1. Taking only the stretch 188-218 into account, find how many residues are charged (D, E, K, R), under 16 Å from residue 153 (Cα atoms) and open to solvent by 100 Å² or more (accessible area, probe 1.4 Å).
2. In the stretch 38-53, what residues are crowded, with 17+ Cβ neighbours inside 10 Å and farther than 12 Å from residue 69 by Cβ?
3. Just to be sure I understand, how many residues within the stretch 151-187 are touching a helix residue (DSSP H, G or I) at 6+ places or on another chain (Cβ under 8 Å), open to solvent by 70 Å² or more (accessible area, probe 1.4 Å) and not in a strand (DSSP E or B)?
4. Do you know which residues across the stretch 6-29 are closer than 12 Å to residue 71 by Cβ and loosely packed, with under 15 Cβ neighbours inside 10 Å?
5. For residue 229, work out the one condition from (1) among the aliphatic types (A, V, I, L, M); (2) in contact with a Gly (Cβ under 8 Å, 6 or more places away or on another chain); (3) surrounded by fewer than 10 Cβ atoms within 10 Å (Cβ to Cβ) it doesn't fulfil.
Amino acid sequence: MAGQGLSDDEVRGIREALAAGRKPKVVFTASAGQIAGQVGQVVEVTDPAVSDEFVVVRFGRDELPFSPADLAVAPRGAGRRVVEVKSEPVVEQVEPTAKAEPEFVLDTPRVPVQRREEPKVEQQSVPVEKPAARRPAKVAKPKGPAGLTVTLAYADGEWTVAAQQGAKALAKPYVVKPAEALRMVALVDVPGVQEAVEQILSAERSEAEQQAEKLRAELAEIEARLAELREAR
C-alpha cells in the first residue's frame, strides 16, 4: 500500500522533474478513496495557495487534481497494476482452453474519485464604523465697510442731495441747482427717472416764466408811475 503522502521535499523534486521534461509516477494513498494503490503520472503542479489539490495526475484518460496527502512516490519498476476487485464468489463454468488475462488499469472504466469536502466556514461580515465626516470649518468673512447711500430729492421747488453711510449721516440735505440735479440723474441712465425730472424742470420753467412776465408788467407800471411823478415837479 502507498505511504502517508508526499512530503515538501518530494513535491519539490516532482516540480524539478516536470521542469526537466519528465512525468514522475505516483501511487494513490488510502486517502484517495477507491483508487488507492493504483499508479498515475504527474503532469502538472499548480499553485498551492490557490487550492490544496494542486498536484495534477493523469489517471487513465483523465487528468485530475489531488492533494499531496492523496499521493506517494511510486517505487521503482511500478507500472500499471491490476485492479483488485473484491466481490462475492461466483461459480462459473470456464472452458478448459480459456486463459484469463489480467485486467489493466488503463482499460477499466474510470472510477469516480471521492472528493473530501472541506468544512465550510461561514464568514460573518463585521460592520466597520466609518469615521465621522469632519465638518468644514466656517471661515469668518472680514466685515466690509457700511453701505453708502446718496439721495437726490425734490420738494417744494428745490432739489436737495444727502449722503449717509450706515447710520452715520455724512452730508445733511443741501440745495443744488436744477441743472446739477439733471446731470446727476443722467448718470443713472434710467429713462423713466429722466422723464420725471424733465417734467419737473419743465413745470418749474413754465412757472418761472409766468412769474417773470408778471414782475416785468408790475415793473413797467412802477416805472410809468415814476415818470409821471418826475414830470409833475
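The values are calculated or read from the model by the stated rules, or taken from the named source; none is laboratory data. The structure displayed is predicted, hence computed values, not measured ones. Here Cβ is always computed from backbone atoms with ideal geometry, including for glycine, and neighbour counts include all displayed protein chains. Please note that ligands, DNA and RNA were not included when accessible areas were found on the heavy atoms of the full protein model with its side chains. Shrake-Rupley method; radii C 1.70, N 1.55, O 1.52, S 1.80 Å.
1. Number of matching residues: 2.
2. Across the stretch 38-53, the qualifying residues are 38, 39, 40, 42, 45.
3. Here the count works out to 0.
4. Answer for the stretch 6-29, where residues must be closer than 12 Å to residue 71 by Cβ and loosely packed, with under 15 Cβ neighbours inside 10 Å: just 7.
5. With respect to (1) among the aliphatic types (A, V, I, L, M); (2) in contact with a Gly (Cβ under 8 Å, 6 or more places away or on another chain); (3) surrounded by fewer than 10 Cβ atoms within 10 Å (Cβ to Cβ), residue 229 is out only on (2).
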